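Trainee: Take a look at the following structure, please.
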Amino acid sequence: MLITMAWRNIWRNARRSIITMTAMAAGVAGIVSLYSYREAANEMIIRDVTSGLLGHLQVHGLGYQEAPGIATVVKNPVQVEAALHGALPGAKAERRVIGAGLAGSGDRSAPVTVLGLEPDSSTMYRLDSGRNAAKGEVLIGRELALDLQVKNGGELVLVSQGADGSVANDRYTVSGTFTSSSSELDANAVVMPLAEAQSFFALGDGVHQVVVKLPTDQEDVSAEVNTLRAALDLKTLEALSWSEMLPQMKASIDQKRKNAGFMDFVIFLIVGLGVFNAMTMSVFERTHELGVLAALGTRPRRILGMVLFEALWQAALAFAAGVLIASAILYGIGTADLSSMMKGDVMGVRMPSHLELSLFPGSLKGAAITAFFTAVVGALLPAFRAARLKPVEALRHT
């Protein structure tokens with residue numbers, strides 16, 4: 001009966017109720033839309049990082065992450081991969097060699113990053129022209145090709161230092177160009193087959209990175225990295241998650257979420273004041289009626305519950321309307337063009353030029369908590385006042 005009476009009461013002054021619910025719906029729509037936009041951007045960035053450049057996890061020689069060195073390698077990658085597959089079924093491993101060098105073509109030269117990758121196994125780049133490199137061949141970043149003015153089929157000279165202290169140098173044929181998830185790599189990376197890179201840097205069977213990609217889209221992979229560490233010899237190896245390798249990016253994502261929480265609190269204050277004002281006026285206008293209820297024996301807690309249910313009804317309607325508005329905005333926009341705002345890399349990751357917008361289920365939880373908590377807190381004081389009305393005084397009110 002209280003729920004029914006509360007429903008009827010909110011329409012006794014429909015104009016005021018609609019204004020209050022409109023404000024709440026706008027708050028819900030704002031929270032859901034901003035949350036969905038932020039998480040869509042975070043999801044795309046993390047997906048680019050974990051599917052290409054870094055993977056979800058990496059295994060290195062001990063100390064490599066802190067001080068990368070050409071001689072700090074995983075000496076037994078086959079055994080490491082066997083331990084990896086035993087600890088994390090379904091995970092995929094990719095061996096990589098990475099080193100610095102100088103590339104030259106004709107009278108042009110540039111400092112480069114040399115990447116040795118397993119043939120046809122890497123997803124960290126896509127071919128822009130030509131074909132994948134075979135023995136004696138290399139792929140180069142699209143921007144690097146323009147800088148060195150070298151075309152497919154051209155010659156590239158690489159000079160570096162081997163792990164044994166010798167001078168590493170050789171000539172290679174450019175088989176094609178690529179683009180990757182990092183504009184930095186596009187501007188300075190040379191990719192060659194893994195065996196070719198191991199020979200060039202005199203590494204034997206060693207590799208610098210065993211990149212692990214998990215069959216999951218979840219952001220937190222701390223449980224998986226701990227499982228992997230338990231299966232490895234940590235006296236000679238280290239295992240790190242993507243967030244440990246890019247702590248600045250993880251901190252930036254977390255800070256944006258904290259800022260979003262502050263915005264939710266601001267919305268809570270604004271809408272809460274509106275609810276408080278509306279419920280105060282509603283109780284004041286019905287003082288005589290509430291006095292009659294009290295005189296007829298209605299207990300204070302039932303009057304308190306009735307007023308709170310009025311606020312909850314408004315919150316429920318506003319939440320539903322806000323979610324519909326947010327859905328219309330997100331799916332109406334569809335794909336957001338960010339090419340004019342986001343260019344280049346941030347912490348080594350190319351910012352997305354286009355963003356597919358959709359309603360993130362996680363946004364509904366925060367919006368619902370904000371809407372219903374705001375309604376209850378805003379209505380609490382007027383509800384207590386209504387419950388504490390003395391029947392004699394309330395009946396005299398006109």
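The values are calculated or read from the model by the stated rules, or taken from the named source; none is laboratory data. Fair warning: this is a prediction, and the values are worked out from it, not measured in the lab. When we count neighbours, we look across all protein chains shown, and the Cβ atoms used for this are built from the backbone with ideal geometry, even at glycine.
Trainee: Take segment 49-78 and flag every residue that is in contact with a Ser or Thr (Cβ under 9 Å, 6 or more places away or on another chain) and assigned to a strand (DSSP E or B).
Mentor: Leu57, Gln58, His60, Gly61, Val74
Trainee: Ok, one more. Looking at segment 9-26 only, could you name the residues that are buried (at least 19 other Cβ atoms within 10 Å of the Cβ) and more than 15 Å from Phe276 (Cβ to Cβ)?
Mentor: Selection gives Ile10, Ala25.
For every residue, the table says whether it meets (1) within 21 Å of Asn226 (Cβ to Cβ); (2) in contact with a strand residue (DSSP E or B) (Cβ under 8 Å, 6 or more places away or on another chain); (3) surrounded by fewer than 13 Cβ atoms within 10 Å (Cβ to Cβ).
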position	(1), (2), (3)
Glu66	yes, no, yes
Asn76	no, no, no
Leu84	yes, yes, no
Ala87	yes, no, no
Arg126	no, yes, yes
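Trainee: Return the only residue of Ile46, Ile98, Ile31 being of a type in the set (A, V, I, L, M), in a helix (DSSP H, G or I), within 29 Å of the chain's Cα centre (by Cα) and under 24 Å from Ala187 (Cβ atoms).
Mentor: After applying the criteria, what remains is Ile46.
Trainee: For segment 123-204, which fully contained helices (runs of 4 or more DSSP H) count at least 1 residues that are touching a residue at least 24 places away in the same chain (Cβ under 8 Å) and in the same structural domain as Ile45 (by TED's automatic domain parsing)?
Mentor: In segment 123-204, there are no helices (runs of 4 or more DSSP H) which contain 1 or more residues that are touching a residue at least 24 places away in the same chain (Cβ under 8 Å) and in the same structural domain as Ile45 (by TED's automatic domain parsing).
One line per residue, one yes/no per condition, for (1) among the β-branched types (Val, Ile, Thr); (2) assigned to a strand (DSSP E or B); (3) modelled with pLDDT of 85 or more; (4) within 20 Å of Ala6 (Cα to Cα):
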| residue | (1), (2), (3), (4) |
| --- | --- |
| Val307 | yes, no, no, yes |
| Leu330 | no, no, yes, no |
| Pro352 | no, no, no, no |
| Leu355 | no, yes, no, no |
| Gly366 | no, no, no, no |
| Val376 | yes, no, no, yes |
| Leu380 | no, no, no, yes |
| Arg385 | no, no, no, yes |
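Trainee: Condition test on Pro193, is it at negative phi and in contact with a Leu (Cβ under 8 Å, 6 or more places away or on another chain)?
Mentor: Yes, satisfied.
Trainee: Also: Assess whether Phe262 counts as being under 28 Å from Val32 (Cβ atoms) and either out of contact with any Ser or Thr (no Cβ under 9 Å at 6 or more places or on another chain) or in a strand (DSSP E or B) (or both).
Mentor: yes
Trainee: Please work out if Asp254 is touching a Ser or Thr at 6+ places or on another chain (Cβ under 6 Å), of a type in the set (D, E, K, R) and over 30 Å from Val207 (Cα atoms).
Mentor: So Asp254 does not fit the description; no.
Trainee: Same structure again: Hey, does segment 219-233 have a residue that's over 27 Å from Ile98 (Cβ atoms) and surrounded by fewer than 22 Cβ atoms within 10 Å (Cβ to Cβ)?
Mentor: Yes - at least one qualifying residue is present in segment 219-233.
Trainee: Ok, one more. Restricting attention to segment 234-249, and to residues there that are surrounded by 18 or more Cβ atoms within 10 Å (Cβ to Cβ) and in a helix (DSSP H, G or I), which single residue is modelled with the lowest pLDDT?
Mentor: For segment 234-249, the residue satisfying everything is Met249.
Trainee: Among the residues of segment 149-195 satisfying the criterion of being more than 20 Å from Asn132 (Cβ to Cβ) and among the hydroxyl-bearing types (Ser, Thr, Tyr), which is surrounded by the fewest Cβ atoms within 10 Å (Cβ to Cβ)?
Mentor: So, considering only residues that are more than 20 Å from Asn132 (Cβ to Cβ) and among the hydroxyl-bearing types (Ser, Thr, Tyr), the one surrounded by the fewest Cβ atoms within 10 Å (Cβ to Cβ) is Ser166.
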